[in-house]
Amino acid sequence: MAMPQAVHSGADLESAIETCYKGHNSVISDSFGSLSSKLRECLTFIKAHIHDESINQLMEKLVDSRIELHPVLGTARGRAKDLLFLDISLASAIKTTMERGLKDLNFSHPPEIMFFISLLLESLCLSVVNNEDLIYCTKDWYRVSESYRTNDAQWALQAKAILDRLQLVLAERSQTYQKKFQPSVKYLGCLLGVEKYVIDNFTEELVRAQSEAVLSILINRFEPVLRKVANLGCWQVISPVEVCGFITSVNELITLQNKVYRRPTIIIASRITGEEEIPVGVVAVLTPDMPDVLSHVSIRARNNKVCFATCFDQNILRNLRLKEGKAVSIRLKSTNLIISDISSSNLSLSSSALPSIPRGITFKRKIFRGKYAVSVEDFTPDMVGAKSCNIKFLRERVPSWIKIPTSVAIPFGAFETVLSENINKDIANKISRLYKFINGGDLSKLQEIQEAVLQMSAPLSLIYELKNKMRSSGMPWPGDEGWNLAWRSIKKVWASKWNERAFISCRKANLNHDNLCMAVLIQETICGDYAFVIHTKNPLSGDNSEIYTEIVKGLGETLVGAYPGRAMSFVTKKNNLKSPIVTCYPSKLIGLYGKPSIIFRSDSNGEDLEKYAGAGLYDSVIMNDPEKVVLDYSRDPMVGDKSFQTSVFSKIAETGKIIESLYGYPQDIEGVLKDGLIYVVQARPQM
């Protein structure tokens, strides 16, 4: 009992400070190291005021002490242990002092809360290693704190984005603690005969003892204030559909994608990876996770007429989880959801047992036309998919300031022809055997087929034709060493025909998987500053007069692939392109950056069919793996420079408007911004 009392009363810290006082009438000894006069002043203040009711100045002195002490920790000799103990005691005092002062905080007064969040961030940066993400969050927090304006919605959106990112960082660190400590805790606890509930909760309690816990409390209490100022409700409705169903709670949606629900089901999923196919019978997916509005999983939800929404209020989600197995209705009201209890007898048990995609969608198997490689001029629907055909269409029609990357393609039927070669005879036989198991319902064999495809050898004629076609089109040939990477990338695209997500989606849509053929669109990667996705009809409101865009730093895979965090988004009226309105600021943790390379894009005959987009079902592969970079938004002109932001966003919106006018109907467009130039790498009908 004495130890907890010492910690919470401040005696632990006072003891650590006393250890640092040696003689000379309570002056810190010079032999103790080169401790600054500011540190001495701070420690003296802390001793005198550790029990004060008002914590503002005390918190500031505690953090300043850690900042002053930090450079000495690495150079101290002889007394390093005492200095380290002092630093630990200061960190502990910061947490307990902040917890003590929570009851007196005015969360409706943002400057006060911003001040304490800044202090906790500074302390946290000093407590953890590999803290690049925390440092960038702290820098960005300084930026928004300095630009604070009362009741300013755009400021609130920026502040909320930083706190969203911080919550992701804290969650990742909590998971890291679990992975590092819990196995050892379990091993030692079992040897020592510790009770199971203690073992199970040990790491969780360890996390709660850190300053991250009190920072998370501050964020959770401040976020509703920011949402109100930003005119945001408790929900981000990604796919606005009114439904009724029975509630089921799960941890990860991806674990259910092969399940078939026989009654209309509303899933509450803690985690969305972006790789999922929404299960048959699911009418709604509600989550605290924050997938991008234009990520592939979001597009598939809208295509399948499934309600899909992020909930920012943990109390609402908690209450919904308590309704497990009960029937509710979901109705739309402005930008929010209204969820009400209903009688289960009001629900038809068969209303969602069938796939939401109409039966009768068909596509024909393509045949090999005798060429292993074709240039963009020769792209036709018999040779390549809609992705490649749209590239040809755009190259011939867009204005010169919209750039279209150089492209060639490996056409339909090339995979089947290569597989039939004698050098791949054994692999072909293996795939044929495995496919029989899949047709019998054993989807575990899909992974084995993908692995078999990766073992295929390339005939010399394919290498020769592809090399000549790429060179004649002005594209770089990867060379003998690079060819192995290129060939593996091509096979990965082919193999993605058998990924579980795509197979299940075809089955839901009653599409004959045997008829699926995969061409490969080959393009130079544009190593841009930003990547964007445009929907020329606002997918959230259904307003045809608005263009909705999401944009990320680096490569676009962090957007369409639902990497943690939100993309920056904006809406532009088609009759007022010069006035884009930002609706969300970025909270992505990382960006993907690569050197000049080649991307191999999936281009099947089973995508962009009427009422069936198939967005993101099959893989596109960059030959050289991109580098993951922790993002710094504090100096990003897209976030902080209003004139730069308006200029770029207007140009992107104009690109969308032009391309929509060429087709005559709404478009889903992917592009890149590099050195001020717009590149469009893909366009398809918006579903």
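The values are calculated or read from the model by the stated rules, or taken from the named source; none is laboratory data. Keep in mind it's a predicted model, so treat the numbers as computed, not measured. When we count neighbours, we look across all protein chains shown, and the Cβ atoms used for this are built from the backbone with ideal geometry, even at glycine.
Restricting segment 135-166 to residues that are among the aromatic types (Phe, Trp, Tyr) and in contact with a Lys or Arg (Cβ under 9 Å, 6 or more places away or on another chain), the residue that is surrounded by the most Cβ atoms within 10 Å (Cβ to Cβ) is TYR136.
Here is the figure for segment 277-314: residues that are farther than 13 Å from PRO539 by Cα, polar (S, T, N, Q) and within 17 Å of the chain's Cα centre (by Cα) total 2. Which residue pairs have Cβ atoms closer than 7 Å, lie 6 or more positions apart in sequence or on different chains, and pair a first residue in segment 265-292 that is within 15 Å of PRO240 (Cα to Cα) with a second residue that is of a type in the set (Asp, Glu)? Listed by first residue and then by second, the contacts come to ASP292/GLU550. Number of residues in segment 396-412 that are free of Cβ contacts under 8 Å to residues at least 60 places away in the same chain and either in contact with a Pro (Cβ under 9 Å, 6 or more places away or on another chain) or of a type in the set (S, T, N, Q) (or both): the value is 1.
Filter segment 383-403 down to the residues that are charged (D, E, K, R) and farther than 12 Å from GLY671 by Cβ, then identify the one that is surrounded by the fewest Cβ atoms within 10 Å (Cβ to Cβ). Among those that are charged (D, E, K, R) and farther than 12 Å from GLY671 by Cβ, it is GLU396. When only residues in segment 235-255 that are in contact with a strand residue (DSSP E or B) (Cβ under 6 Å, 6 or more places away or on another chain) and under 20 Å from LEU443 (Cβ atoms) count, which is surrounded by the most Cβ atoms within 10 Å (Cβ to Cβ)? Once the filter is applied, the top-ranked residue is LEU253. Taking each residue of segment 332-357 that is within 26 Å of CYS234 (Cα to Cα) and among the charged types (D, E, K, R) and looking for partners that are part of a loop (DSSP other than H, G, I, E, B) and modelled with pLDDT of 80 or more with beta-carbon atoms closer than 8 Å, six or more apart or interchain, yields ASP341/LYS323; ASP341/LYS326.
Looking across TYR663, TYR633, one residue alone is buried (at least 21 other Cβ atoms within 10 Å of the Cβ) and outside the structural domain of ARG488 (by TED's automatic domain parsing). It is TYR633.
Tallying residues that are within 19 Å of the chain's Cα centre (by Cα) and buried (at least 24 other Cβ atoms within 10 Å of the Cβ) within segment 522-534 yields 4.
With respect to LEU540, determine if the residue is in contact with a Ser or Thr (Cβ under 6 Å, 6 or more places away or on another chain), surrounded by fewer than 22 Cβ atoms within 10 Å (Cβ to Cβ) and in the same structural domain as ILE659 (by TED's automatic domain parsing). It is false that LEU540 is in contact with a Ser or Thr (Cβ under 6 Å, 6 or more places away or on another chain), surrounded by fewer than 22 Cβ atoms within 10 Å (Cβ to Cβ) and in the same structural domain as ILE659 (by TED's automatic domain parsing). Scanning segment 568-620 for residues that are free of Cβ contacts under 8 Å to residues at least 40 places away in the same chain and outside any strand (DSSP E or B) returns a single hit, ASN575. Looking at segment 33-55 only, could you name the residues that are modelled with pLDDT of 90 or more and in a helix (DSSP H, G or I)? Result: LYS38, LEU39, GLU41, CYS42, LEU43, THR44, PHE45, ILE46, LYS47, ALA48, HIS49.
The single residue among ILE88, ILE94, ILE113, ILE135 that is of a type in the set (Val, Ile, Thr) and either under 18 Å from ASP52 (Cβ atoms) or not assigned by TED's automatic domain parsing to the domain that holds THR19 (or both) turns out to be ILE94.
Just give me the residues in segment 61-77 being in contact with a helix residue (DSSP H, G or I) (Cβ under 6 Å, 6 or more places away or on another chain), in contact (Cβ under 8 Å) with a residue 24 or more places away in the chain, part of a helix (DSSP H, G or I) and surrounded by 15 or more Cβ atoms within 10 Å (Cβ to Cβ), in sequence order. Correct list: LEU62, VAL63, ASP64, SER65, ARG66, GLU68, LEU69. Determine whether LEU317 is within 30 Å of LYS228 (Cβ to Cβ), modelled with pLDDT of 90 or more and either touching a helix residue (DSSP H, G or I) at 6+ places or on another chain (Cβ under 9 Å) or buried (at least 19 other Cβ atoms within 10 Å of the Cβ) (or both). No; evaluated as a whole, the condition is false for this residue. Looking at GLU132, is it surrounded by fewer than 18 Cβ atoms within 10 Å (Cβ to Cβ), under 30 Å from GLY74 (Cβ atoms) and touching a strand residue (DSSP E or B) at 6+ places or on another chain (Cβ under 9 Å)? Yes, satisfied.
Considering segment 276-333 alone, what residues qualify as being small (Gly, Ala, Ser) and more than 25 Å from ASP164 (Cα to Cα)? If the condition is that a residue be small (Gly, Ala, Ser) and more than 25 Å from ASP164 (Cα to Cα), then GLY281, GLY325, ALA327, SER329 are the ones that fit. Against the criterion of being surrounded by 12 or more Cβ atoms within 10 Å (Cβ to Cβ), in contact with a Ser or Thr (Cβ under 8 Å, 6 or more places away or on another chain), under 30 Å from GLU670 (Cα atoms) and assigned by TED's automatic domain parsing to the domain that holds PHE503, ILE410 does not qualify.
Looking at segment 120-226, what helices (runs of 4 or more DSSP H) fall wholly within it and have at least 3 residues that are in contact (Cβ under 8 Å) with a residue 60 or more places away in the chain and within 20 Å of the chain's Cα centre (by Cα)?
It comes to 132-146, 153-192.
Considering segment 167-215, and only residues there that are among the basic types (Lys, Arg) and surrounded by 13 or more Cβ atoms within 10 Å (Cβ to Cβ), the residue that is modelled with the highest pLDDT turns out to be LYS186.
When VAL229 is tested against the conditions (1) on the phi > 0 side of the Ramachandran plot; (2) of a type outside the set (Lys, Arg); (3) crowded, with 17+ Cβ neighbours inside 10 Å, the lone failure is (1).
Exactly one residue out of ALA93, ALA80 is surrounded by 21 or more Cβ atoms within 10 Å (Cβ to Cβ) and either within 37 Å of the chain's Cα centre (by Cα) or not β-branched (Val, Ile, Thr) (or both), and it is ALA93. Taking the conditions (1) out of contact with any Lys or Arg (no Cβ under 8 Å at 6 or more places or on another chain); (2) within 25 Å of ASP608 (Cβ to Cβ); (3) not small (Gly, Ala, Ser) in turn, CYS190 satisfies each one other than (2).
Filtering segment 266-297 to residues that are buried (at least 22 other Cβ atoms within 10 Å of the Cβ) and hydroxyl-bearing (Ser, Thr, Tyr) leaves only SER295.
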